[in-house]
Amino acid sequence: MASADWQKIKSRQQVKAILRHNCKDTREQTKEHSNPHLRQELTATNTGLWDTYAEAAKRYDDRWAAVNGDKTVRKDAVVGLGFSIPAPDALPEDKENKWFVKVLDIMATRYGYENIASFAVHRDERHEYIDPDTHERKMSRTHAQGILFPEADGTMCAKKIMTKGRMAELNRAIDEMSRTEFGVSFLTGKGTKSRGSVEEMKAKSLQAEIEDLEKQKAALTREIEGKQITLNAVNRDIATGTATRDALVADLRGVEDRARKQATEAEKPFTEDDRAVIGEVRRRRTKMKNGKEMPTYDYYLDAARQREQAERQKEQEERERIARQAAEERQRQEKQAEYIKRYSGFAKKRQDTTSAGRKLPDISHITQRGGSYDGLEY
């Protein structure tokens, strides 16, 4: 659940180091920060009270002198308490400053203004993180950080301040103020078991993020392996296709070479030896089993010529037949057109000279069927 987080500090040097980290001026001057999530371009949006290093360090030193004086302090004594208080999730950003002022008043009522060395509101550390319990990605909240001098009843005693009862009272007071004045909850009720300090939470969140990245890495590795298997299969297909293509190209080239060679041989003129062989073949006759002679080469050559001539004659006759049909069709169409022309003129003339009521011959059947008229001409 949301609550104030506390850190025990056991040396004045560590107190000053934390003040340098928290205060706005030294934060802007530092070029490199140990917190990788700190966005220095947003440091100017930080607010707070006693948030310059010189002022905060002086308030702490003055309080040390007022409480401890010349007393000898144990080496293991807690000399400061660092606190971190996050804003509620549902709190609007434009109300954050007012809410943190109320929180400061609550702390001052319980611990005294004089014991609060610094109260800085950080907006430059907001970042996305992985919740170590739910493993969900969340956005960190604006928070107040500072140093409290552990004075109680006039002495430096952190034990009196960091009791469970007083810590619970502080959280309940902040929650009541949040509900009454802002309508939001500080204590979310999501759990009461402490999950450790802010640094411990950061370490757990970082570990959860590392585990998440490891899962992503494993998933990407499996994806890469799958892609590699597919790529190898594609490469094998390409190699097979290339070999097949090369074989086909070689076959094609062989066919082209043979065709070119045959064409070259065909273009060569007959030699005397070739003519002698051809003549011998033409003159030679062989006997068949039934005693008949085999047809000669000239016989086959003449038969082929006759078949070719017959086919040409047949084609010529077919062309002539088609031409005759076309000529007859043209003559029929011309005769029909001439008859329609002449009869139309005759009908017009008779219409002017005949008595009323005489019915003229109907020739629509001629034009509709496309036939010819072979009757008497008027």
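All of the numbers you see were taken from the coordinates with simple rules; none came from a lab. Owing to the predicted nature of the structure, the values given are computational and were not obtained by experimental measurement. Note: ideal-geometry Cβ built from the backbone for every residue, glycine included; neighbour counts use all protein chains shown.
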Can you work out the FRET efficiency for the pair Met177 and Asp25, with r the C-beta to C-beta distance and R0 = 41 Å, to the nearest 0.05? 0.85
Determine the sum of side-chain charges near Lys75: Lys and Arg each +1, Asp and Glu each -1, restricted to other residues whose C-beta is under 13 angstrom from that of Lys75. +2
Expected unfolding gain across Asp76-Leu213 under the 0.36 nm per residue rule, minus the alpha-carbon gap, is 45.3 nm
Rounded to one decimal in nm, the spacing of the 7 Å Cα→Cβ label points at Lys159 and Ala263 is 11.3 nm
Long-range Cα-Cα pairs in region 45-124 (distance over 14 Å), rounded percent: 69 percent
May I ask which of Lys98/Lys164; Lys8/Lys160; Lys31/Lys102; Lys31/Lys217 have a Cα-Cα span longer than 24 Å here? Lys98/Lys164; Lys31/Lys102; Lys31/Lys217
Name the residues whose placed amide hydrogens come within less than 5 Å of the amide hydrogen of Val79, ignoring near sequence neighbours (fewer than 5 apart) on the same chain. Ile9, Lys10, Ser11
Cβ-based net charge around Leu91, under 10 Å, with every Lys or Arg adding one and every Asp or Glu removing one: -1
Quick check: convex hull of the Cα atoms in region 70-169, volume per residue, rounded to a whole Å³? 150 Å³
Work out Dmax and Rg for region 1-151 from the C-alpha atoms and quote the Rg first, both in angstrom. 16.0, 52
Out of the GluC sites (Glu not before Pro) in region 12-73, which ones are loop residues according to DSSP with at most 10 other C-beta atoms within 10 Å? Glu32
Expected unfolding gain across Glu308-Thr221 under the 0.36 nm per residue rule, minus the alpha-carbon gap, is 23.7 nm
So, in nm, how far is label Arg236 from label Glu32 when the simple model puts each one 7 Å beyond its Cα toward the Cβ? 5.1 nm
